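Bear in mind these aren't lab numbers, they're just calculated from the coordinates by the rules spelled out. In this text the structure is predicted, and so the values were computed from the model without any measurement. Cβ placement follows ideal geometry from the backbone for every residue including glycine, while neighbour counts extend to all protein chains displayed.
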Amino acid sequence: TPYLPDDPESREDLDALRRASAGCQGCPLYKDATQTVFGSGSEHARAVLVGEQPGDQEDRRGEPFVGPAGRVLDEALAEAGIERGDVYVTNAVKHFKFRRPEGGGKRRIHETPNIGEMRACRPWLLAELRVLEPDVVVALGATAGKALLGSSFRVTKQRGELLPLPDLDLIGTPSAARVADETARGRGEDTGVRLLATIHPSAVLRADDREATFAGLVEDLRVAAIALV
Ligand code: URA
């Protein structure tokens, strides 16, 4: 099965990419997941929101952010004044990674994708970004941040800042993080595209202080909204 479509034309079209991604076997996650969950939203979206990977409900329904984390995201976007119709949502990894409870059971427990899985899936994310050419990319959580800026990226340190998104050709190369850093300091080439990292919406659901955690997410998204006006 082709990992990425060889036909360059298919890369110019989200539907063609989506169809090709359905057969992806670029890492072992396709074996246990129900289906590839490709991105969703307007082709004209100026903001692309990148999550980690589909959750249980997303895996079943084939759509990103339609479960509990998606509801938090929808609320946060609304509060930040960003219309869901203006954004395209996708994930760094497009198959659900999970384990079963010890001792057996039907429940599927989310597992964080590893670097190999992130790396294997990254061409799909980059292909989406090439087609969409957004003004701002929002990394929701550490996995998305690392997928775009390298494994040394720490969302806790740089959340809520409008950073330059490195040239897509550099993402995934050893220099991506350095390039982002240099551009942030006013050196190097600025592609004009902004990257904003924030927490993952599911962190709100796990937080002791949900209200404050949610408010922090909204605050960060408001910064992303500035890059849209
Ligand atoms: N969490 C994610 O990161 N992505 C989804 O699509 C759903 C939950």
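Scanning the range 92-112 for residues that are among the small types (Gly, Ala, Ser) and without any contact (Cβ under 8 Å) to a residue 12 or more places away in the chain, we see that the one that is surrounded by the fewest Cβ atoms within 10 Å (Cβ to Cβ) is GLY103.
Here GLU63 fulfils each of the conditions (1) of a type outside the set (Phe, Trp, Tyr); (2) assigned to a loop (DSSP other than H, G, I, E, B); (3) in contact with a helix residue (DSSP H, G or I) (Cβ under 7 Å, 6 or more places away or on another chain) apart from (3). Of the candidates GLU133, GLU161, GLU79, GLU128, the single residue that is among the charged types (D, E, K, R), closer than 25 Å to ALA184 by Cα and touching a Phe, Trp or Tyr at 6+ places or on another chain (Cβ under 9 Å) is GLU128. The condition (being touching a residue at least 40 places away in the same chain (Cβ under 8 Å), within 21 Å of ASP15 (Cβ to Cβ), within 12 Å of the ligand (Cβ to nearest atom) and not in a loop (DSSP other than H, G, I, E, B)) is satisfied by just one residue among VAL72, VAL89: VAL89.
Can you give me the ranges of the strands (runs of 3 or more DSSP E) entirely in the range 135-229 with at least 1 residues that are among the polar types (S, T, N, Q) and on the phi < 0 side of the Ramachandran plot?
Strands (runs of 3 or more DSSP E) meeting the threshold: 194-198.
Annotation note: Cβ proximity below 6 Å between a residue of the range 23-35 that is under 13 Å from PRO113 (Cβ atoms) and a residue that is surrounded by fewer than 17 Cβ atoms within 10 Å (Cβ to Cβ) and not aliphatic (A, V, I, L, M) (sequence gap 6+ or interchain) occurs for GLY26/TYR3.
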